[in-house]
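Colleague: Mind having a look at this structure? Questions to follow.
The values are calculated or read from the model by the stated rules, or taken from the named source; none is laboratory data. Since this is a predicted model, take the numbers as computed values, not measurements. Here the Cβ positions follow ideal geometry from the backbone for every residue, glycine too, while neighbour counts run over all protein chains shown.
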Ligand SMILES: CC(=O)SCCNC(=O)CCNC(=O)[C@H](O)C(C)(C)COP(=O)(O)OP(=O)(O)OC[C@H]1O[C@@H](n2cnc3c(N)ncnc32)[C@H](O)[C@@H]1OP(=O)(O)O
Ligand SMILES: CC(=O)C(=O)O
């Protein structure tokens, strides 16, 4: 049986731009358009020409893309014709393949927000769509508040949808604008709409206010809608829009959808999905959601020993799809929830071949569990675990020995007479029988200690030149005076490799020192340094 075509409409650059804290530049938008086009979405809603200088500038140039570049804006205002409406004029002038008009589809919204009559609203839809089609553009109508409007007055909501379709709109998009509609309601209402407007002209635009935007989009498809609007990483107003990064793999990998529908994204492009998702987060300076379905760091990670044991026999035992299909990877972590299988898997990743029956595996696992009881966390500190494992297997040389360190924090007047806080550290290390003393200042005690430690490591100095600290996290594990501090440090080197190390102590400087020493030692081991 021939598959039906399902269209993907991305609004990362329009509804996504309405996300609290998100602010795209023209350059950002062009980059995201490239990512989306590479992925294979059908429509890219790039912004709202006339609403702000960024979007006006963006739509002043044409965009050679396989996807249909779409300009968003409202229908003409009541009381004037489309030909006399500056908002509609900006849309018609925009260099775009398609125009998506937003129009109210709720009698209540028409009365309260637009303060016009129902007939005026229908006229705005009719006149605006007709003008866009006459100008040779593909027209879409986002029927705002459609589901709430339908519950209140189905005839008026349907009249809005029908007017859009009969005026020439290629797509009539049903919007759950306030995001409160549930999947069973969406399914029921969309079935009624497709009896009036053919399903291959109906789209769904779901918001995530009850965390069901993805489920609502799938419900609409089951009921007959054939366009899904959504955003990368679920960006969007308030709680966001339907997340295309979750929807795309579901449509391609789950039989109920994959067997019936074809989308513009193919299995090869799907392998870039995790990268696309991370690139957007990086551009927006947002920490990626570790628990994001399909693409998050934890999406295919397991801590539990029982799971790890089965995964090593066959990954399908605990994975709903293979991670490589979406460009993600499997992670088997070592922690206090682990069994020997977790340790073996991690050792294999580190290139260490050990037999499951080797008593050192059980000893290493016991050591990890006792240390985790003291506050260490190895699942978040891959390099510290690797060092612990390699030490127990006897393969870590003593590259250097820190004989002593001191750190001083002083608040004093500087030369300009301003009060400043200065941190200074002195470190005495022995490398190959040679004693080296380094002193450094820093913007805080840990920074001063880090700089002093890495200032002179004798013969190893050329190997650690590109090492940098990129993240420093502190967690106090017990309250009160018995508090234990856990420090997690992330480091990066000149090759872009990243690793994390951990230190635990009642004293924050001491905990930081342990994590710093592990980081340097891991770098030397990675470089193949010899003692
Ligand atoms: C559900 C959604 O996400 S819809 C998308 C919403 N996105 C945005 O609003 C982002 C971009 N918007 C903007 O930059 C500005 O709102 C602009 C430039 C579009 C308009 O700005 P202003 O002219 O100052 O109007 P303002 O934003 O205060 O109010 C919106 C006006 O549009 C009217 N309006 C709202 N929807 C529609 C519609 N579908 N058709 C016609 N008019 C509409 C409102 O009634 C209101 O009219 P009023 O000024 O007579 O009260
Ligand atoms: C159009 C739109 O973004 C909405 O109704 O949610």
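This table checks each residue for (1) in the same structural domain as residue 332 (by TED's automatic domain parsing); (2) within 21 Å of residue 461 (Cα to Cα); (3) more than 41 Å from the chain's Cα centre (by Cα).
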residue	(1), (2), (3)
391	no, no, no
395	no, no, no
405	no, yes, no
408	no, no, no
419	no, no, yes
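Colleague: Then there's this: Tell me which residues, restricted to the range 92-116, are within 16 Å of ligand 2 (Cβ to nearest atom), out of contact with any helix residue (DSSP H, G or I) (no Cβ under 7 Å at 6 or more places or on another chain) and closer than 30 Å to residue 32 by Cα.
Modeller: Result: 98, 100, 102.
To keep it simple, each residue is scored yes or no on (1) in contact with a strand residue (DSSP E or B) (Cβ under 7 Å, 6 or more places away or on another chain); (2) within 22 Å of residue 493 (Cβ to Cβ); (3) part of a loop (DSSP other than H, G, I, E, B).
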position	(1), (2), (3)
422	yes, no, no
430	yes, no, no
439	yes, no, no
446	yes, yes, no
459	yes, yes, no
463	no, yes, no
469	yes, yes, no
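Colleague: Taking the condition at pLDDT 95 or above, within 14 Å of ligand 1 (Cβ to nearest atom), surrounded by fewer than 16 Cβ atoms within 10 Å (Cβ to Cβ) and assigned to a helix (DSSP H, G or I), does residue 131 pass?
Modeller: Numbers: at pLDDT 95 or above: yes; within 14 Å of ligand 1 (Cβ to nearest atom): yes; surrounded by fewer than 16 Cβ atoms within 10 Å (Cβ to Cβ): no; assigned to a helix (DSSP H, G or I): yes.
Taking the combined requirement at face value, the residue does not satisfy it.
Colleague: How many of the residues in the range 202-236 are within 16 Å of the chain's Cα centre (by Cα), within 15 Å of ligand 2 (Cβ to nearest atom) and over 18 Å from residue 172 (Cβ atoms)?
Modeller: Result for the range 202-236: 5.
Colleague: Specify which of the listed residues (77, 68) is in the same structural domain as residue 133 (by TED's automatic domain parsing), within 31 Å of the chain's Cα centre (by Cα) and on the phi < 0 side of the Ramachandran plot.
Modeller: On the way: 77 fails: within 31 Å of the chain's Cα centre (by Cα).
One residue alone meets the criteria, 68.
Colleague: Are there any pairs, at least 6 apart or on different chains, whose C-beta atoms fall under 7 Å, with the first in the range 205-226 and farther than 13 Å from residue 247 by Cβ and the second away from ligand 2 (no atom under 15 Å from the Cβ) and in a loop (DSSP other than H, G, I, E, B), and if so, which?
Modeller: 210/182; 223/194; 224/194; 226/6
Colleague: Ok, one more. With 60, 83, 65 as the choices, which residue is at pLDDT 95 or above and either within 16 Å of ligand 2 (Cβ to nearest atom) or farther than 19 Å from residue 169 by Cβ (or both)?
Modeller: On the way: 83 fails: either within 16 Å of ligand 2 (Cβ to nearest atom) or farther than 19 Å from residue 169 by Cβ (or both); 65 fails: at pLDDT 95 or above.
That would be 60, the only listed residue that is at pLDDT 95 or above and either within 16 Å of ligand 2 (Cβ to nearest atom) or farther than 19 Å from residue 169 by Cβ (or both).
Colleague: Looking at the range 67-92 only, could you name the residues that are farther than 25 Å from residue 13 by Cα, in a loop (DSSP other than H, G, I, E, B) and in contact (Cβ under 8 Å) with a residue 12 or more places away in the chain?
Modeller: 78, 79, 81
Colleague: Could we say that residue 31 is more than 16 Å from ligand 2 (Cβ to nearest atom) and not in a helix (DSSP H, G or I) here?
Modeller: No; evaluated as a whole, the condition is false for this residue.
Colleague: Another one. Determine whether residue 157 is over 26 Å from residue 238 (Cα atoms), within 16 Å of ligand 1 (Cβ to nearest atom) and in contact with a helix residue (DSSP H, G or I) (Cβ under 6 Å, 6 or more places away or on another chain).
Modeller: no
Residues are listed down the side, and each one gets a yes or a no for (1) more than 17 Å from residue 269 (Cβ to Cβ); (2) free of Cβ contacts under 8 Å to residues at least 60 places away in the same chain:
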residue	(1), (2)
5	no, no
8	no, no
15	yes, no
24	yes, yes
28	yes, no
34	no, yes
37	no, yes
52	yes, yes
58	yes, yes
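Colleague: Within the range 102-121, how many residues are closer than 16 Å to residue 81 by Cβ, near ligand 1 (Cβ under 9 Å from one of its atoms) and in a helix (DSSP H, G or I)?
Modeller: Number of matching residues: 1.
Colleague: Could you look through the range 293-325, keep only residues that are closer than 24 Å to residue 20 by Cα and touching a helix residue (DSSP H, G or I) at 6+ places or on another chain (Cβ under 7 Å), and pick out the one that is surrounded by the most Cβ atoms within 10 Å (Cβ to Cβ)?
Modeller: Residue satisfying both the conditions and the ranking: 295.
Colleague: Anything in the range 134-168 that is more than 14 Å from ligand 2 (Cβ to nearest atom) and part of a loop (DSSP other than H, G, I, E, B)? List them, or say none.
Modeller: Step one: list which residues in the range 134-168 are more than 14 Å from ligand 2 (Cβ to nearest atom), which gives 134-139, 151-156, 158-159, 162-163, 165-168.
Of everything in the range 134-168, those that are more than 14 Å from ligand 2 (Cβ to nearest atom) and part of a loop (DSSP other than H, G, I, E, B) turn out to be 135, 136, 137, 153, 167, 168.
Colleague: Taking the conditions exactly as written (at pLDDT 95 or above, surrounded by fewer than 24 Cβ atoms within 10 Å (Cβ to Cβ), more than 10 Å from ligand 1 (Cβ to nearest atom) and outside any helix (DSSP H, G or I)), does residue 95 satisfy them or not? Don't jump to the end; show me each part of the working.
Modeller: On the way: at pLDDT 95 or above: yes; surrounded by fewer than 24 Cβ atoms within 10 Å (Cβ to Cβ): yes; more than 10 Å from ligand 1 (Cβ to nearest atom): yes; outside any helix (DSSP H, G or I): yes.
Yes, satisfied.
Colleague: Of all residues in the range 55-86 being within 11 Å of ligand 1 (Cβ to nearest atom) and closer than 27 Å to residue 37 by Cα, which is surrounded by the fewest Cβ atoms within 10 Å (Cβ to Cβ)?
Modeller: Within the range 55-86, the match that is surrounded by the fewest Cβ atoms within 10 Å (Cβ to Cβ) is 56.
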